[in-house]
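Structure record follows, encoded as C-alpha cells.
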Amino acid sequence: MTANPLAANPLRAGLRLPRTPDSCAVVIFGATGDLTSRKLIPALYNLLRGRLLPSGFSVVGFARRAWSDDQFRAAMKEAVSTYSREPLQQEVWDSFARNLHYVSSDFSEATGYERLAERLAKQDATHGAGGNRLFYLSTPPNAYAGIAHHLGEAGLSRGNDGGWARLVVEKPFGRDLESARALDQALGVVFRERQIFRIDHYLGKETVQNIMVFRFANGIFEPIWNRRYVENVQVSVAETVGVENRGGYYEEAGALRDMVQNHLLQVMALVAMEPVASFRADAVRDEKAKVFQAIRPFKDIARETVRGQYIAGAILGQQVPGYRQEEGVAPVSSTETFAALRLEVENWRWADVPFYLRVGKRLPKRATEVAITFKRAPLPLFRESGADNVTPNLLVLRIQPDEGISLRFGAKVPGTRSDVRPVNMDFRYGTSFGVDAPEAYERLLLDAMLGDSTLFTRWDGVELAWNLLTPVLDAWQQGARPLEFYEAGSWGPLGAVELIERDGREWHRM
Ligand code: BG6
C-alpha cells in the first residue's frame, strides 16, 4: 500500500488540491465557428496556463472547412490573442499548439468519423490521451442528433481500452417540448444520461454558483428565505447588444428560447430550491427539478407574459438599427427580443410569492441580477416623524458585470429627529478577492473533463422547462399576446411595466 501524502503531512491535511482531470482528447465539432474561437479555445488555453489540464491532453477540431492542422493552429492563435482572459504567452501557446489537430469533414459524412477514430487512436498512443474523449457539440443544433449517431457508428460512444467518452451539448437543447424530447431520444440511443453534459454557461459563472454558497454556507439567510419574509423575487438580464451577427439563429430562437428556457430558469431554480443534502450532482439537480415541478402552469398567458421587439434607437449615445433591420432578420419578423414573465412556485416555501423574470436585448445597460424584496417591518413605528419607513429591505445579487451583493436597510439619518433613510451594505467581488475569476467555460470544460455534472442540466430539468414554456410559445404564435415594440436604449415595452404594476409593484432599477 502506498502511503497517503496528505496523512503524512499534517499541515496539508484539509487543504484541497486542485483536481486534475484524466488525460483525454477534446473533440470540438464546429471548430471553425464563433463559440470555438471566442470561448472554447481561450478557455482551454487558460486552463493549461493555470496548470489545470492533464499531461496527456489534446484537442481535435472537426468541421467542414478544408483546413490543415497548421491552419487550425494559426486561426486558434488569433482567437486566443483576441479573446483570452489572460494575454497570450508564447511558451504556453507553443505547448498548447502542439496538441491541436484538425479533421476536415462534413458532419454527415461517415468516413469523417472513421478518420476521427483513427486520429484519436493514434493520439492515445502518441499523446497518452488514455482512451478518454470529450466530444463537444458546438454546431448548429440540427446537426446534434446526426453527429451522435455517427459517433456511435464509428464506435466512439465509448472510450478506448476502458477509457470514458462524454458528450457536451451546447444550447439550445430543442426548440420546444417535442423537439427536445426527440433530441433526447436520439442522443439516448448512443449515449447514456451520465455521459451527456448539457451546457448552460450561466451555471459556470462564479456569481451564479455563489447563489448556493450565499444561501447554504451562511446561517442567517436561509431562515428568512421564504414566503414569511420574502415579498417578491425578480430575475433580470439586460443586454445592450442586439443580435450581433447571429440574426439567422436568433430569428428561429427569440428571447424566450435563447435565455429564459435555460439561463433565467436555472438562476431562478438556484434561488428557489430547497437546501441540498450534499453537492453531489444529482442532489443539486433533484432540488432544481422540484422547483420546476412546483411552478404553476400559466393560467392566462396574455396577462402573465410580455413579448417585445426593439426598434431603432440610441444606446450609450450611439444610434442603432431596429431588430428588423439586422442582418439575417426578416423585415416583418415577429421574433421577440424581450420577454417578461410572472411565475408562481406552488410549494410551502414560496406560495403567493411572485417570481418576475425579464430579459431583453438593446436595453440601456448590461446587467444581470436577482433582486429579492422582503416584507416590511410589521409595525410602522417611525411614521410619525415623517420618516421613510416604507422602503422595504432589498437584497440584490449582482451576477454581472459589477459582481457583488448588496443589502438595503433603513438607517437613522443623523440629527435630532428620527428620520429613516434606506442605505446599502455592499460586497464587491473585485475589492474583496482581488483575483480575476475564471470564465464560465473554463470551469465547465474542466468539470466535464472531471466527469462532474453538478453544473450541467439534467434531462428532466430541461424537459420541465420546455413543458412550462412551450404553451407560451404556442399561445404567442397564435397571437394570444401581441408583440410590442420598444425603442433600443429603453427598458423594454410598456407591457412589462404593466405586468408588474398590476400587482402594485415595480421592477428594481438596475
Ligand atoms: C447566450 C445567448 O446564451 O447568452 C446570447 O445565446 C446572449 O443571446 C448570451 O447574448 C449572454 O451571455 P452573457 O454571459 O454575456 O450574459
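What to note about this one:
- Solvent exposure, largest accessible area first (probe 1.4 Å, DNA, RNA and ligands not counted), of LYS205, LYS122, LYS361: LYS122, LYS205, LYS361
- For ASP402, solvent-accessible area (1.4 Å; no DNA, RNA or ligand), Å²: 70 Å²
- Of every Cα-Cα pair in the stretch 34-124, the percent that sits beyond 19 Å: 40 percent
- Close amide H pairs (under 5 Å, H built 1.01 Å from N) link VAL168 with PHE135, TYR136, LEU137, PHE197, residues at least 5 positions away or on another chain.
- Most positive-pole-ward Cα, ASN46, ALA63, PHE96, against dipole of the stretch 41-128 from beta carbon charges: ASN46
- Crossing angle, helix 177-190 versus the chain [Cα axis fit, 0-90 degrees, rounded to tens]: 30 degrees
- Beta bridges by DSSP in the stretch 19-170, antiparallel share as percent, to the nearest 5: 0 percent
- Rounded to the nearest 500, the 222 nm mean residue ellipticity of the chain from helices alone is -9500 deg cm²/dmol, with -39,500 (n - 2.57) taken per DSSP H run of at least 4 residues.
- Projected area, mean over directions - the stretch 376-481, Cα convex hull, nm²: 13.1 nm²
- Evaluated on the chain, the Kirkwood hydrodynamic radius is 24.8 Å, with distances taken between all distinct Cα atoms.
- Accessible area in the full protein assembly, largest first, 1.4 Å probe, for LEU379, LEU187, LEU450: LEU379, LEU450, LEU187
- Cβ-placed point charges (K, R +1; D, E -1), dipole of the stretch 19-170 about Cα centre in debye, nearest 20: 360 debye
- Once the Cα gyration tensor of the stretch 19-170 is diagonalised, semi-axes √(5λ) in Å: 23, 18, 13
- Nonlocal Lys pairs with alpha-carbon distance under 19 Å, the chain (8 or more apart, or different chains): 7
- Rounded percent of accessible protein surface that carbon and sulfur make up, the chain, 1.4 Å probe: 51 percent
- In the stretch 384-510, taking the dipole from charged Cβ atoms about the Cα centre, the farthest positive-side position among THR457, ASN467, TYR486 is held by TYR486.
- Spacing of the two label points (7 Å from each Cα toward its C-beta) at VAL332 and ASP503, in nm: 3.6 nm
- Lys/Arg +1, Asp/Glu -1 at C-beta; the chain dipole; positive extreme among PHE292, PRO223, TYR83: PRO223
- Degrees, to the nearest 10: 69-83 long Cα axis against longest axis of the chain: 20 degrees
- DSSP assigns beta bridges within the chain; of those with both partners inside it, close to 55 percent run antiparallel.
- Overall, the chain carries a charge dipole of about 1120 debye about its Cα centre when +1 sits on the Cβ of Lys and Arg and -1 on the Cβ of Asp and Glu, all other atoms neutral.
- Contact order relative to length of the stretch 19-170, as percent, for alpha carbon pairs under 8 angstrom and 6 or more apart: 30 percent
- ARG505 - accessible surface, heavy atoms, 1.4 Å probe, Å² rounded to 10: 50 Å²
- Residue order for ASP352, ASP282 - accessible surface, 1.4 angstrom probe, largest first: ASP352, ASP282
- Accessible surface area normalised per residue over the chain is 46 Å², counting heavy atoms of protein chains with a 1.4 Å rolling probe.
The values are calculated or read from the model by the stated rules, or taken from the named source; none is laboratory data. Please read all numbers here as calculations on a predicted model, not as lab measurements. For neighbour counting, all protein chains shown are included, and Cβ atoms are generated from backbone atoms with ideal geometry for every residue, glycine included. All accessible areas refer to the heavy atoms of the entire protein, side chains included, with ligands and DNA or RNA removed. Shrake-Rupley method; radii C 1.70, N 1.55, O 1.52, S 1.80 Å.
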